[in-house]
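The values are calculated or read from the model by the stated rules, or taken from the named source; none is laboratory data. Worth saying up front: this structure is predicted, and the values here are computed from it rather than measured. When we count neighbours, we look across all protein chains shown, and the Cβ atoms used for this are built from the backbone with ideal geometry, even at glycine. Areas reflect the complete protein model, heavy atoms only, side chains present, ligands, DNA and RNA absent. Shrake-Rupley method; radii C 1.70, N 1.55, O 1.52, S 1.80 Å.
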Amino acid sequence: MDKFTENSEALQERVVHISRVAKVVKGGRRFSFSALVISGDGQGRFGFGLGKAGEVPDAIRKGGEQCKKNLMEVPSVDGTIPFEVVGKYGSCRVVMNPAKKGRGIIAGGATRVICELAGIKDIVCKVHGTKNTSNVVRATYDGFAQLVSTKQYAAERGMDEGQLFRQLRKNRKNTSTSADSSEATA
């Protein structure tokens, strides 16, 4: 049993989308249901699942089971994401930007639900391309999968967090002074 499934009692589940699917057979149509479910603990973990069944409650239950298999950790810094990221899936693009404390979750539809269940308090998101709920959820998942904490980022580059932030400030100062000098010459 891994570390995610042992605390599965604390997970909240929300149904994002239910669709009725028809299969045409010789005698007419066969109807079934698919349910897109998102679960999270509000502490930096969330997952999504798609359940399909002949009845809605069964589809939701199967989706919830899939959620527990897809759980992922979302690194956060003071209730927001550490840096800007773009999640992609199909023709859907979800642009996620960190926000200042107290700004809240500025996102629509499925992206808002994911951010709430993942425990992110301040974020600005925009969906470009298709607004298909399934694709938006997968693009948001992709975006969060690209995030790493500042400790991991610094460790990959062989420095500590203090060195990393000093380097970022130095680079930011250099780009702002070069932009000022180019404006002065024009």
Inset, instruction - Tell me which residues, restricted to region 66-83, are on the phi > 0 side of the Ramachandran plot and open to solvent by 70 Å² or more (accessible area, probe 1.4 Å). - result: Asp78
Legend entry - Some residue of region 35-48 being free of Cβ contacts under 8 Å to residues at least 24 places away in the same chain, of a type outside the set (Lys, Arg) and either closer than 30 Å to Lys23 by Cα or open to solvent by less than 10 Å² (accessible area, probe 1.4 Å) (or both): no
Legend entry - From Val95, Val86, Val56, Val24, residue being in contact (Cβ under 8 Å) with a residue 40 or more places away in the chain and either open to solvent by 40 Å² or more (accessible area, probe 1.4 Å) or of a type in the set (A, V, I, L, M) (or both): Val86
Legend entry - Among (1) out of contact with any Lys or Arg (no Cβ under 6 Å at 6 or more places or on another chain); (2) over 23 Å from Ala10 (Cα atoms); (3) surrounded by fewer than 15 Cβ atoms within 10 Å (Cβ to Cβ), the one test that His128 misses: (1)
Inset, instruction - Confirm whether Val94 is among the aliphatic types (A, V, I, L, M) and in contact with a helix residue (DSSP H, G or I) (Cβ under 6 Å, 6 or more places away or on another chain). - result: yes
